[in-house]
1. Straight distance only, please: which lysines reach the Cα of Lys82 with their own Cα at less than 18 Å, same-chain residues fewer than 8 apart left out?
2. Roughly how many debye, to the nearest 20, is the charge dipole of the range 40-123 about its Cα centre, given +1 on each Lys and Arg Cβ, -1 on each Asp and Glu Cβ, and no other charges?
3. Along the charge dipole of the chain, pointing to its positive end and built from +1/-1 on Cβ of Lys, Arg, Asp and Glu, which listed residue (Ser30, His143, Leu91) has its Cα farthest out?
4. Taking 7 Å along the Cα-to-C-beta vector as the label spot, tell me the Lys122-Lys63 distance in nanometres, rounded to one decimal.
5. How long is the gain from Lys82 to Leu149 if the chain were fully straight, where each residue apart is worth 0.36 nm and the alpha carbon distance is subtracted?
6. Rounded to the nearest 10 degrees, what's the angle between the helix 21-30 long axis and the longest principal axis of the chain, both from Cα atoms, 0 to 90?
7. If you stretched the chain out fully between Lys8 and Lys33, how much longer would it get, using 0.36 nm times the residue separation minus the C-alpha to C-alpha distance?
8. Between Ile192 and Lys177, with labels modelled 7 Å along Cα→Cβ, what's the label distance in nm to one decimal, could you check?
Amino acid sequence: MKKLIGPKKVETAVFISGTGSNLKCLVHSSLSKHSYIKINFVVSDNSKAKGLGFATKHRIKTKVYKFDKRNNPEKKILLDLKKKKIKLICLAGFMKILSKNFIKNFDGIILNIHPSLLPKYKGLNTHKRAIENNDKFSGCTVHYVTPKLDSGKIILQKKVKIFKKDNPKSLATRILKQEHILYPKAIKIAVINS
Ligand code: GRF
C-alpha cells in the first residue's frame with residue numbers, strides 16, 4: 001500500500017456524479033486543522049452534478065470528463081491527477097466504474113463509500129434490495145477500491161436499522177446521514193494505516 005502520511009495534508013480528489021452531499025461533508029471536515037487531507041480537485045462525469053457548484057464556491061478546481069462508448073477519459077484523468085500530485089481519490093457517488101488499468105496506474109489510494117453493509121448488495125438499488133429481503137439492518141461501508149466492484153477491503157461500516165414503514169427513499173435518507181459521519185473517519189484510518 002502507498003504511504004500517504006507525512007508532514008503535509010494528503011492531496012485529495014473527490015469523484016462525484018450527482019448531489020455531492022458526501023463531497024460537502026468531506027470538504028467541511030477537511031477544513032479542520034486536525035484533518036489529514038486537503039481536497040483540491042473534484043472530478044465528475046456529469047456537468048450537471050450539483051456538487052460541482054459547491055466545489056467552485058469553495059475554490060476547489062473541478063473538471064468534467066466525458067465518458068462514452070468512443071471516449072474513455074481515464075488516461076486524461078490520470079495525467080491531471082499526476083500534475084496535481086493527488087495521492088488519494090475518494091469516490092462519492094461516482095457512477096462510472098473505474099477500469100483495472102486506472103486503478104493499477106493511479107499512484108495512491110482509492111476509497112469508495114457504498115450504501116449497504118458490504119459484502120451484501122454490491123452494485124445499485126441497495127436500499128430496495130435490503131427492504132425486499134426483509135433485512136432488519138442495512139447501512140454503509142467505506143472500502144478500498146480494487147478492480148472487483150465493491151469488493152475491496154472494508155475500512156469501516158455503520159449499521160442502520162430498517163423500520164417496517166421504510167421505503168427505499170426514507171432508508172436512503174437515514175443511511176446518507178451516517179455516510180457523512182463514516183467517510184471522514186474512514187479516510188483518517190486509511191491515511192494513518194497507509
Ligand atoms: C451515496 O449514497 C453513496 O453511498 C452512493 O451514492 C450516494 C451519493 O450521494 N455511492 P451524494 O452525491 O454524496 O449526496
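Only the coordinates and a few stated rules stand behind these numbers; no lab work does. From a predicted model like this one, the values you see are computed outputs, not experimental measurements. Using ideal geometry, Cβ is built from the backbone for each residue, glycine included, and neighbour counts are taken over all protein chains shown.
1. Lys2, Lys3, Lys8, Lys9, Lys38, Lys61, Lys63, Lys100, Lys104
2. Values: 21 positive and 5 negative charges, 43 e Å.
It comes to approximately 200 debye.
3. Towards the positive end, the residue furthest out is Ser30.
4. 3.0 nm
5. Working: separation 67, 0.36 × 67 = 24.12 nm, distance 2.40 nm.
The Lys82-Leu149 span can extend by a further 21.7 nm.
6. On a 0 to 90 degree scale, this one is about 50.
7. Numbers: separation 25, 0.36 × 25 = 9.00 nm, distance 1.12 nm.
Extra length available between Lys8 and Lys33 comes to 7.9 nm.
8. Label-label distance for Ile192 and Lys177, simple model: 2.6 nm.
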